[in-house]
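The values are calculated or read from the model by the stated rules, or taken from the named source; none is laboratory data. Since we're looking at a predicted model, the values are computed, not measured. We place every Cβ from the backbone using ideal geometry, glycine too, and count neighbours over all the protein chains shown.
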Ligand code: CUA
């Protein structure tokens, strides 16, 4: 009985979205607490099962035996129903409050600050300097340096979302009109999947993101490139694609820094081609998926805020080449 339960429980865990595979001290504290609670709960379950089965066996096997008297029953209830919980529950409470306190105590001053804004149904990611100005804006993909504390300012533009990267940090809600914080330090390089963990509408399940932890030099290069504007196209097809983009309705919602496109309601596309996924973690970022997403976003992610735009083939191919050039 126990083995299939564990297989089912852990069958859903893959290495990149797995709270039992922590890669930060913060996630490790939560994982240790989880294992301790799991072991205690399993022992209690086994004790209750043994007691139950013993009772059943005795009542069937030895009919002549006298039932427990009142006092014996009362003592059993006191031991199992009052004394045991009175010991176990405070232990659980104290350990979780202690760990919460450690997680809530702030990050050091040199922490990198990243603002994460929940939107229906994607993540706006803004890297802030010491004066809280955004030096780089991206979407659905957070790069962080290994070994340096990162502080997240968590905000929402619409409804309540929840920031959760199981390998790196526990859940923290993003609440409209309020700023919550979380912080973590990645122990090693790797890409870890995060997921919105609070029901926020029809596409809640498709509101994912990636956290890419990388060595500090690689991260610095990434941030430097991400902070700059889009490169002006040299290739004539790409230049034609830029014209298509700038004269389309895309610019009403999307921004590409370095161009006249300054929309603020949809993901910043300045370095779109450098991202792994499209549509908040649900499609690998390649030319075919990009074309499908532009032509029929409502088929891929019903209810999302992106309207379909009809580009003919003469416009679509240069447009795709332009978007693919945004590295
Ligand atoms: Cu955002 Cu669920």
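Remark: pairs (first residue in the range 297-317, not assigned by TED's automatic domain parsing to the domain that holds residue 251; second residue surrounded by fewer than 14 Cβ atoms within 10 Å (Cβ to Cβ); Cβ separation under 6 Å; 6+ apart in sequence or on different chains) are absent.
Yes/no per residue for (1) farther than 30 Å from residue 101 by Cα; (2) more than 24 Å from the chain's Cα centre (by Cα); (3) within 16 Å of the ligand (Cβ to nearest atom); (4) surrounded by 14 or more Cβ atoms within 10 Å (Cβ to Cβ):
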position: 171; (1), (2), (3), (4): no, no, yes, yes
position: 184; (1), (2), (3), (4): no, no, no, yes
position: 210; (1), (2), (3), (4): no, no, yes, yes
position: 223; (1), (2), (3), (4): yes, no, no, yes
position: 233; (1), (2), (3), (4): yes, yes, no, yes
position: 251; (1), (2), (3), (4): yes, yes, no, yes
position: 257; (1), (2), (3), (4): yes, yes, no, yes
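Kindly establish whether residue 109 is within 16 Å of the ligand (Cβ to nearest atom) and either more than 17 Å from the chain's Cα centre (by Cα) or at pLDDT below 95 (or both). When the stated conditions are applied, residue 109 does not pass them.
Scoring residue 281 on the criteria (1) surrounded by 16 or more Cβ atoms within 10 Å (Cβ to Cβ); (2) in the same structural domain as residue 159 (by TED's automatic domain parsing) leaves a single failure, condition (2). Being farther than 26 Å from residue 327 by Cβ and out of contact with any strand residue (DSSP E or B) (no Cβ under 8 Å at 6 or more places or on another chain) is the filter here, so list the residues in the range 120-173 that pass it. Answer for the range 120-173, where residues must be farther than 26 Å from residue 327 by Cβ and out of contact with any strand residue (DSSP E or B) (no Cβ under 8 Å at 6 or more places or on another chain): 120, 130, 131, 147. In this structure, does residue 281 turn out to be part of a strand (DSSP E or B), within 24 Å of the chain's Cα centre (by Cα) and within 16 Å of the ligand (Cβ to nearest atom)? Spelling it out, it is not the case that residue 281 is part of a strand (DSSP E or B), within 24 Å of the chain's Cα centre (by Cα) and within 16 Å of the ligand (Cβ to nearest atom). Here the condition is being within 16 Å of the ligand (Cβ to nearest atom), free of Cβ contacts under 8 Å to residues at least 40 places away in the same chain and not in a loop (DSSP other than H, G, I, E, B); of 89, 154, 93, 78, it holds for 154 alone. Within the span defined as the range 127-140, one or more residues are in contact (Cβ under 8 Å) with a residue 60 or more places away in the chain, within 16 Å of the ligand (Cβ to nearest atom) and not assigned by TED's automatic domain parsing to the domain that holds residue 302. A single entry from 199, 219 fulfils the requirement of being surrounded by fewer than 20 Cβ atoms within 10 Å (Cβ to Cβ), at pLDDT 95 or above and either away from the ligand (no atom under 16 Å from the Cβ) or not assigned by TED's automatic domain parsing to the domain that holds residue 24 (or both): 219.
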